[in-house]
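Let me begin by presenting the structure, written as structure tokens, before commenting on it.
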Amino acid sequence: MQVLTGIKTTMVETKNQKHFVLVHGACHGAWCWQKFKTLLESASNRVTLLDLAASGANMKAIQDVETLDEYTEPLLEFLASLQPTEKVILVGHSLGGLSLALAMEKFPEKIAVAVFLSAFMPDTTHKPSFVLDQVLLEILAKKNINNSLKCYLKISIASQVEFFSNFFPLNL
């Protein structure tokens, strides 16, 4: 009898189990979530860690990542592979917030909630790169390097910021 009760309890816990998808920020990989993953799993949650393009163990070369869609591709492919009725809790940190926003736009039916943990969170008024543009302008203004630095921002169709410069010795 106790074994059957244990199985029922396990089945109930599995049914009520939450599925977290943790998305890293810039210059990180899935590895940065390992300790948090352990905590979530110890509370009977399911956890998926992903390396976005050219990050962590993802072998794509950074030079081959030209848009936010390409950078977010591992997350988008994962969401596309979920069962039609499965919903996940997305958690993104830093630059991972832009990936969350894109995923929410493409797969609203597969996301129960999104958590922006100290993350970029685009609004509906500005283009997605707005915060990055403002930070760059602030850095350039503080360094007072207007004429000595020829700096160009190119906003692609996917609104990914590409920063091009023709200088070498300057340390921002």
* Are any residues in region 77-118 without any contact (Cβ under 8 Å) to a residue 24 or more places away in the chain and either among the β-branched types (Val, Ile, Thr) or buried (at least 20 other Cβ atoms within 10 Å of the Cβ) (or both), and if so, which ones? -> Thr85
* Asked: Does Glu66 meet the test of being acidic (Asp, Glu) and modelled with pLDDT of 95 or more?
  -> no
* **The one condition in (1) surrounded by 12 or more Cβ atoms within 10 Å (Cβ to Cβ); (2) over 19 Å from the mean Cα position of the chain (by Cα); (3) acidic (Asp, Glu) that Asp133 fails to fulfil** => (2)
* Only one of these is touching an Asp or Glu at 6+ places or on another chain (Cβ under 7 Å), at pLDDT 90 or above and under 28 Å from Ala30 (Cβ atoms): Pro108, Pro74. Name it. => Pro74
* Working only within region 28-69, note down all residues that are closer than 21 Å to Ile89 by Cβ, in contact with a helix residue (DSSP H, G or I) (Cβ under 6 Å, 6 or more places away or on another chain) and surrounded by 15 or more Cβ atoms within 10 Å (Cβ to Cβ). => Val47, Leu49, Leu50, Asp51, Leu52, Gly56
* To do: Might you check whether a residue that is under 10 Å from the mean Cα position of the chain (by Cα) and not in a helix (DSSP H, G or I) occurs anywhere in region 80-91?
  => yes
* Asked: How about region 15-27: which of its residues are surrounded by fewer than 17 Cβ atoms within 10 Å (Cβ to Cβ) and in contact with a Gly (Cβ under 9 Å, 6 or more places away or on another chain)?
  -> Ala26
* Asked: List pairs: first in region 119-140 and in a helix (DSSP H, G or I), second surrounded by 14 or more Cβ atoms within 10 Å (Cβ to Cβ) and modelled with pLDDT of 80 or more, Cβ under 7 Å, 6+ apart or cross-chain?
  -> Val131/Phe120
* To do: Look at Leu100 and say whether it is in a helix (DSSP H, G or I), out of contact with any helix residue (DSSP H, G or I) (no Cβ under 6 Å at 6 or more places or on another chain) and at pLDDT below 95.
  => no
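The values are calculated or read from the model by the stated rules, or taken from the named source; none is laboratory data. Since this is a predicted model, take the numbers as computed values, not measurements. Cβ coordinates were reconstructed from backbone atoms using ideal geometry, including for glycine residues, and neighbour counts include every protein chain displayed.
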